[in-house]
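*Asks:* Take a look at the following structure, please.
The values are calculated or read from the model by the stated rules, or taken from the named source; none is laboratory data. Since this is a predicted model, take the numbers as computed values, not measurements. Don't worry about glycine lacking a Cβ; one is built from the backbone with ideal geometry, like all the others, and counts go over all protein chains shown. When the accessible area is computed, the model is the full protein with side chains, heavy atoms only, and any ligands, DNA or RNA have been set aside. Shrake-Rupley method; radii C 1.70, N 1.55, O 1.52, S 1.80 Å.
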Amino acid sequence: GLRGVPARPVVAVKIDDTAAGRPQLGLEAADVTYVEQVEAGATRLVAVFASRHPGIVGPVRSVRNNDPELLAAYGRPALAYSGGAAGPVRRLHRSRVVDAGPGARGGAYWRLATRRAPYNLVVDLARVAREVRGASRPVDVGFRWAGTDPRLAAARRVSRVEVLVGRTRYRFAWEARGKRWLLLDGNGSPRRTAAGKAIATPNVVIPFSRARLDPTNVDVLGTPSVYTSTVGSGKLLVLRDGRVLTGSWRRRHVIYGTRYYDAGGTRELTLRPGGAWVLLAATGAPVALR
């Protein structure tokens, strides 16, 4: 939503979001960040970069079966990831997403001596963006950007929001001065990246989606991951400008973007320019607003 459409290719990165993987590196440069369930109630991030490609991003983690479906809305984006089970990797190779993992772009990856495996793998996105072949530039994925929205005047004021994704709680607090939502840690303090930057976004988007156990994608302990469907429709919350807007989301096909509609179901909601965090919460997941 800022400064026109980036001319660089879209590169997404699977990033760890457990305590062992924090603070993350380069996350503050992402245009859009998705939060998705994996196994045992844990979550991972899918961070999408086009405006900027930092020289170091991580910790990089593995692909899941639902990643190609989620990312196909971006056309042919590249995906940086650490590896994965045979089934999800095959699904990735059959999809529109360009493989930019270590097997394809090994020279762009390395491990930090200051962290323990598997939370120490990082990637040079600037190098990936220079060398990757076949990745597309940004396309319309359904976001509508506007500095203001007339529906905000009647919307409920919100200073804090708490959402359960899997078994992981995500808390955001509204910072009026910066016109942004700050991601909070368990103590209520703003979370920061390794560079000391607060993790913040102008918009928190919560499309409630069908989430099911995926027996075709299990970890080394035999625990199945969760497949969150991003094609279909469902209820929606959009938090911007210290208020919450309610509505619905629709995505008709894997090659299409997601449309975000107001409570009437016909007019699209807008986001404040500057990016978004999208929390892929399961249908019926608890949300606390105050």
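*Asks:* Give the relative contact order (percent, whole number) for segment 159-236; include only Cα pairs under 8 Å separated by 6+ residues. Spell out each step's value before the answer.
*Replies:* Numbers: 105 pairs, mean separation 13.8, N = 78.
RCO, segment 159-236: 18 percent.
*Asks:* Would you mind telling me the share, in percent, of accessible area of the chain contributed by carbon and sulfur at probe 1.4 angstrom?
*Replies:* Details: 6330 of 12580 Å².
Solvent-exposed carbon and sulfur of the chain make up 50 percent of the total.
*Asks:* Follow-up question, since we're still on this one. Among 151-160, 118-127, 265-274, how do they line up from the highest to the lowest mean number of other beta-carbon atoms within 10 Å? Don't skip to the answer; put the middle values down first.
*Replies:* Details: 151-160: 13.8, 118-127: 21.1, 265-274: 16.3.
Per-residue mean Cβ counts within 10 Å order the peptides as 118-127, 265-274, 151-160.
*Asks:* Restricting to DSSP H runs of at least four residues, report the calculated mean residue ellipticity at 222 nm for the chain, -39500 (n - 2.57) per run over all residues, nearest 500 deg cm²/dmol.
*Replies:* On the way: 4 runs with 25 residues, N = 290.
So the helix-based figure for the chain works out to -2000 deg cm²/dmol.
*Asks:* May I pose another question? Before I look further, what does segment 168-250 give for accessible area per residue, probe 1.4 Å, in whole square angstrom?
*Replies:* On the way: 3780 Å² over 83 residues.
Value returned for segment 168-250: 46 Å² of accessible area per residue.
*Asks:* For LYS197, list the aspartates and glutamates whose Cα falls under 13 Å from its own Cα; do not include residues on the same chain fewer than 8 positions away.
*Replies:* GLU28
*Asks:* Taking just the alpha carbons, could you work out the radius of gyration and Dmax for segment 171-231, both in angstroms?
*Replies:* Radius of gyration, then largest Cα-Cα span, for segment 171-231: 16.5, 47 Å.
*Asks:* Please figure out what share of the DSSP beta bridges in segment 138-290 is antiparallel and state it in percent, rounded to the nearest 5.
*Replies:* Working: 44 of 48 bridges.
If we restrict to bridges inside segment 138-290, about 90 percent are antiparallel.
*Asks:* Here are some values of volume of the Cα convex hull per residue in Å³: (1) 124; (2) 163; (3) 136. Which one was computed from this structure?
*Replies:* For volume of the Cα convex hull per residue in Å³, the calculated option is (1).
*Asks:* Then there's this: For segment 105-164, what does the alpha-carbon gyration tensor say about shape, rounded, prolate or oblate, given a ≥ b ≥ c as the root eigenvalues, a/c under 1.5 as rounded, and a/b over b/c as prolate? Present the calculation step by step, with values, prior to reporting the outcome.
*Replies:* Details: a/c = 4.54, a/b = 1.71, b/c = 2.66.
Here segment 105-164 falls in the oblate category.
*Asks:* Please work out whether segment 17-139 counts as rounded, prolate or oblate from its C-alpha gyration tensor, where a ≥ b ≥ c are the square roots of the eigenvalues and a/c under 1.5 means rounded, while otherwise a/b larger than b/c means prolate and anything else oblate? Working shown, then result.
*Replies:* Working: a/c = 1.38, a/b = 1.14, b/c = 1.20.
Rounded shape, in that the Cα axes give a/c under 1.5.
*Asks:* Rounded if a/c is under 1.5, else prolate if a/b is larger than b/c, else oblate: which is segment 167-290, with a ≥ b ≥ c the root eigenvalues of its Cα gyration tensor? Could you put the intermediate results ahead of the total?
*Replies:* Values: a/c = 1.98, a/b = 1.12, b/c = 1.76.
Oblate, because a/c is 1.5 or more while a/b does not exceed b/c.
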